[in-house]
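Reading through the structure tokens given below for one structure.
The values are calculated or read from the model by the stated rules, or taken from the named source; none is laboratory data. From a predicted model like this one, the values you see are computed outputs, not experimental measurements. Reconstructed Cβ throughout: ideal geometry from the backbone, glycine too, with neighbour counts over all protein chains shown. Protein only, heavy atoms only, side chains kept; ligands, DNA and RNA dropped before computing areas. Shrake-Rupley method; radii C 1.70, N 1.55, O 1.52, S 1.80 Å.
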Amino acid sequence: MAILRSVSSGQSMAGTFTIPKPPGAAAGDTIVAFQTTDAFGPANMTTPGGGTTWQLLGQRSATEWGGSKVWWKQAGPAEPASYTFRQTVGAGGIVVIVAISDTDGATPLIASTANADNDATVTCPALAPTSEPGVTLRWTAGISASASWSTPSGHTEQADRNISEATAALATRARPEAGSTGATTFTASGSTPLYSHGFTVDVGGTSGPPPEPPPSIPASTDVLFKAVFCDLLTDSYIATADLDGVSFSRFIGQPGPFQATAHVVNRELADNIAKIVPRWIEHPTEPDSLSTGPGRVVVHAYQNGVIWCTAVIWQADVDIDDRGAVTISMQGATLESYLNAVEIRQTYTYEGIDQLEVARGLITEMQALSSADIGLTLPPGSSGVNRNRTYLASEGGTFGQRLRELADTDQGFEWLIHTADPGTGARVREVRFGYPKLGGTTDHVFSQPGNILKLSQNIDALRGATSYRARGESVSTDASTSSTPLMSTPQNASAHLAAGWPRIDKTIDYSTVKEQSTLNAYAAKWAAERPGAVRVHQVTIKLDETNWTPAALGERARVIVVNDWWPIIDGAASFDHRWRVIGAQVTVTSRDSQPTAALVFEEELEI
């Protein structure tokens, strides 16, 4: 079914102006642009520029004003960051652009009607689509200096704009089945339009849901651990290497480190490792730093035939001792780290956009950059939480930094990158989103005595607080005075303070945030998730005695411990807790040994 991906809009009185591409718009999306102007006649509203060719879908005009034109196209693989629109110089012009995914690719349906003069009610006529579930768009436009529009019943407002004598609004709704859309009305307030008209546009969806991803390849006990090195951008095979001292960490929403060592004991091993870490020999038969090496190579860590970790190799060390023994050490970080290596060098603005769509937009914009497409696939879905965000090129932030900040606000979301090998000859790198959390309801049981090797508990009051503030960018309205940072209002751990806890303050820095509401949301999140003393548990488990894998991040672990510190009380274990697993450090001491994992838990109030 067709899904409304995102909306962008703008207004201008220039003869030529640009409107940003809807955030996250991707190749194959249906793009619809509504344009209106208050100038006499529509002749100067010529075909927009940018990307694949725009086509005129419909128009309505009158001698008294320019009216509206509706344009559409299918997005190509190289759409620009913005589109160019034209109108009469000095006229007031409004443009709203809509991106819709999973469409059938057919020309959208359109109908329009003119409204009576000096009438505050504008009708958008009915359409009768026969296609699969789609998206219905309603547009009203007119001549009024200060009108605002009510949203039709059952619709979601996407834009309501005024400039000079032009006024326009767009509302949308999902169409769940074929059949009449029905007519609907906008009502103007503040100022009755002198002239006005209404449009209905319907975009049909695909004939069914997207196909299920191919199943993961079954686990194999023939090879316990295997390290497969490939090109970062293309995933083309480079080499398979025997490694020792392998350890890597996986976390929700942030990169985890990877490290491993290769002991070079003969020429054959040396030649193989040189495909991954070039020897810096100028010879036609030798790999060079342009074709391979740290910064260009990823490693897929397979355990029992399943990928447990994909990491970018960022650094390598070649060490040779006094006996000539060669050791190659490799360090890197999971695939999330690549997003921290690409800077935002163009300003992106998202207004009233679902936070998951903003996240998809950031990743899509990154992968649209030259040499920055690492093949991440993005899932559909929404959180119901809209955000306003502007990411300035001048701030020097990275895509990973901004994605992490977006996720870490109050009512935020979780994300990670998962790599799978479905056995079809091509691995899949997919971003997984979870709102409000990742993971299902599965309980993985760990016990001591049993499959727990080690348990530790850290209780630190200074890692938490009972009153939080968030500090943003320095602002000043007077150039002659020094600027002061924007601060949130204090957000308190009310239950702790009411129970008699002392006041313990903590201020968290978000140096690029300029909006008070965003800072308040950050502070509220900290107060909710880190009140009082932070209690962190870490359990090291034997992975050969459990079905847990890093793909289960976000699922719950039930930890049962019986010993002198936590004895049996009233016939039951006194330590019997459930937590979400939010991270894990996996250690493979050698390529032939079973791995262990140190699990990191998210402390829950409900025990």
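Residues of the range 156-201 being charged (D, E, K, R) and more than 14 Å from THR140 (Cβ to Cβ), which ones?
Result: GLU165, ARG173, ARG175, GLU177.
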Response to the item:
Those residues of the range 67-105 which are open to solvent by less than 20 Å² (accessible area, probe 1.4 Å) and among the charged types (D, E, K, R) amount to LYS73
Worksheet entry | Those strands (runs of 3 or more DSSP E) lying entirely in the range 246-337 with at least 3 residues more than 30 Å from the chain's Cα centre (by Cα) and more than 30 Å from THR546 (Cα to Cα) | 306-320, 326-334
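So that you can scan it fast, the table gives a plain yes or no per residue for (1) part of a strand (DSSP E or B); (2) open to solvent by less than 50 Å² (accessible area, probe 1.4 Å):
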{"position": "THR107", "(1), (2)": "no, no"}
{"position": "ASP117", "(1), (2)": "no, no"}
{"position": "VAL135", "(1), (2)": "yes, yes"}
{"position": "ALA145", "(1), (2)": "no, no"}
{"position": "GLN158", "(1), (2)": "yes, no"}
{"position": "LEU170", "(1), (2)": "yes, yes"}
{"position": "ALA174", "(1), (2)": "yes, no"}
Worksheet item: Are any residues in the range 84-105 in a strand (DSSP E or B), farther than 20 Å from ALA141 by Cα and of a type outside the set (Gly, Ala, Ser), and if so, which ones?
Response: THR84, ILE100, THR103
Practice prompt. Tell me, yes or no, whether the range 56-77 has at least one residue that is without any contact (Cβ under 8 Å) to a residue 40 or more places away in the chain and in a loop (DSSP other than H, G, I, E, B).
Written response: yes
Fill in: The listed residue being in contact with an Asp or Glu (Cβ under 7 Å, 6 or more places away or on another chain) and closer than 28 Å to ASN388 by Cα, out of VAL475, VAL513
VAL513
Worksheet entry | Among (1) free of Cβ contacts under 8 Å to residues at least 40 places away in the same chain; (2) surrounded by fewer than 18 Cβ atoms within 10 Å (Cβ to Cβ); (3) in contact with a Ser or Thr (Cβ under 7 Å, 6 or more places away or on another chain) - the single one PRO42 does not satisfy | (2)
Fill in: Of residues in the range 11-25 being open to solvent by less than 30 Å² (accessible area, probe 1.4 Å) and in a loop (DSSP other than H, G, I, E, B), the one nearest to GLY50 (Cα to Cα)
LYS21
Worksheet entry | Lone qualifier among VAL342, VAL299 - being open to solvent by less than 40 Å² (accessible area, probe 1.4 Å), closer than 14 Å to ALA241 by Cβ and of a type in the set (A, V, I, L, M) | VAL299
Discussion item. Please go through the range 390-417 and give me each residue that is within 22 Å of THR377 (Cα to Cα) and either β-branched (Val, Ile, Thr) or in contact with a Lys or Arg (Cβ under 6 Å, 6 or more places away or on another chain) (or both), ordered by number.
Written reply: THR398, GLU414, LEU416, ILE417
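Look through ALA260, ALA274, ALA316 and report the one residue that is open to solvent by less than 50 Å² (accessible area, probe 1.4 Å), out of contact with any strand residue (DSSP E or B) (no Cβ under 8 Å at 6 or more places or on another chain) and modelled with pLDDT of 90 or more. Write out each step before concluding.
Working: ALA260 fails: out of contact with any strand residue (DSSP E or B) (no Cβ under 8 Å at 6 or more places or on another chain); ALA316 fails: out of contact with any strand residue (DSSP E or B) (no Cβ under 8 Å at 6 or more places or on another chain).
Answer to the selection: ALA274.
Against the definition (closer than 20 Å to GLN259 by Cα, in contact (Cβ under 8 Å) with a residue 60 or more places away in the chain, of a type outside the set (A, V, I, L, M, F, W, C) and open to solvent by 10 Å² or more (accessible area, probe 1.4 Å)), how does THR546 come out, yes or no?
Values: closer than 20 Å to GLN259 by Cα: no; in contact (Cβ under 8 Å) with a residue 60 or more places away in the chain: yes; of a type outside the set (A, V, I, L, M, F, W, C): yes; open to solvent by 10 Å² or more (accessible area, probe 1.4 Å): yes.
No.
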Fill in: Every residue from the range 396-429 that is surrounded by fewer than 16 Cβ atoms within 10 Å (Cβ to Cβ) and touching a residue at least 40 places away in the same chain (Cβ under 8 Å)
GLY396, GLN411, PRO422, GLY423, THR424, ALA426
